[in-house]
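K.L.:
Below are the structure tokens for one structure; questions will follow.
The values are calculated or read from the model by the stated rules, or taken from the named source; none is laboratory data. Note that the structure is a prediction, hence the values are computed from the model and not measured. FYI the Cβ positions are ideal-geometry reconstructions off the backbone, even for glycines, and counts take in every protein chain you see. Surface accessibility is based on the protein's heavy atoms, side chains included, excluding ligands, DNA and RNA. Shrake-Rupley method; radii C 1.70, N 1.55, O 1.52, S 1.80 Å.
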Amino acid sequence: CENNWDLIRMMKTVLIVGLGNVGAAYAGALKYSTRVQAIGYDINTELVEAIKKDEKHALYGQLKNVYSENKFEETISCVLVCISTNSRYDRIDASNITEMLLGLELDKDVPIIIKSAVPIGYCSKLKKDIANPVFYCPEMLREGETASRDIWITRHVFLSYDSSNHVD
């Protein structure tokens, strides 16, 4: 990718899964795109209802649609995973990401970009369960810098998995 948005700009509808700090930053940034519409998905129904109805909520009006169940009206062309993982000092448990992705009904050519913290080797293990192309783009964030870092960064690093020449 020539710059940090090239991969996402090729898409028409980006599904942002997880509407916390990282997901909200991407929703805010994509609001200004003329080529991409962002929709949101979060299992926290109270958060989803607040986003839909509360004009004072930071994400109000920034997403074309927001869902608390994985049934979407739009045709998804890219998934951006921004959900937290269960981490301990000695390991990262990303089973919630796997479970969520297995529950999505996506065409097999829809790319999945993971912004969440995942353990080393996770993408290659995930490719055994799903047919979609998977990219890992580490979030590398500090509290309070999410939006500025993701919007103004000069480049993103995307890692993908290919069974013949894999990088994880």
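K.L.:
List pairs: first residue in region 24-37 and surrounded by fewer than 18 Cβ atoms within 10 Å (Cβ to Cβ), second residue at pLDDT below 80 and of a type outside the set (A, V, I, L, M) anywhere in the structure, Cβ distance under 9 angstrom, at least six positions apart or on different chains.
P.N.:
Qualifying pairs under 9 Å: Lys31/Gly61; Ser33/Trp5; Ser33/Arg9; Arg35/Arg9.
K.L.:
For region 13-122, give me every one of the helices (runs of 4 or more DSSP H) that falls completely inside it and has 1 or more residues that are over 19 Å from Phe135 (Cα atoms).
P.N.:
Those helices (runs of 4 or more DSSP H) span 21-30, 45-53.
K.L.:
Tally the residues that are within 15 Å of the chain's Cα centre (by Cα), in contact (Cβ under 8 Å) with a residue 24 or more places away in the chain and over 16 Å from Cys78 (Cα atoms), restricting the search to region 88-107.
P.N.:
Result for region 88-107: 2.
K.L.:
Of Asn165, Asn132, which residue is more than 15 Å from Ile92 (Cβ to Cβ), at pLDDT below 55 and in a loop (DSSP other than H, G, I, E, B)?
P.N.:
Of Asn165, Asn132, the one residue that is more than 15 Å from Ile92 (Cβ to Cβ), at pLDDT below 55 and in a loop (DSSP other than H, G, I, E, B) is Asn165.
K.L.:
Also, I was wondering about something else. Take the conditions open to solvent by less than 70 Å² (accessible area, probe 1.4 Å) and more than 30 Å from Ile120 (Cα to Cα) and apply them to Leu80. Does it pass?
P.N.:
no
K.L.:
If you don't mind, there's one more thing I want to ask. Scanning for something open to solvent by 20 Å² or more (accessible area, probe 1.4 Å), in contact with a helix residue (DSSP H, G or I) (Cβ under 9 Å, 6 or more places away or on another chain) and of a type outside the set (Ser, Thr, Tyr), does region 104-115 turn up at least one residue?
P.N.:
No: region 104-115 contains no residue that is open to solvent by 20 Å² or more (accessible area, probe 1.4 Å), in contact with a helix residue (DSSP H, G or I) (Cβ under 9 Å, 6 or more places away or on another chain) and of a type outside the set (Ser, Thr, Tyr).
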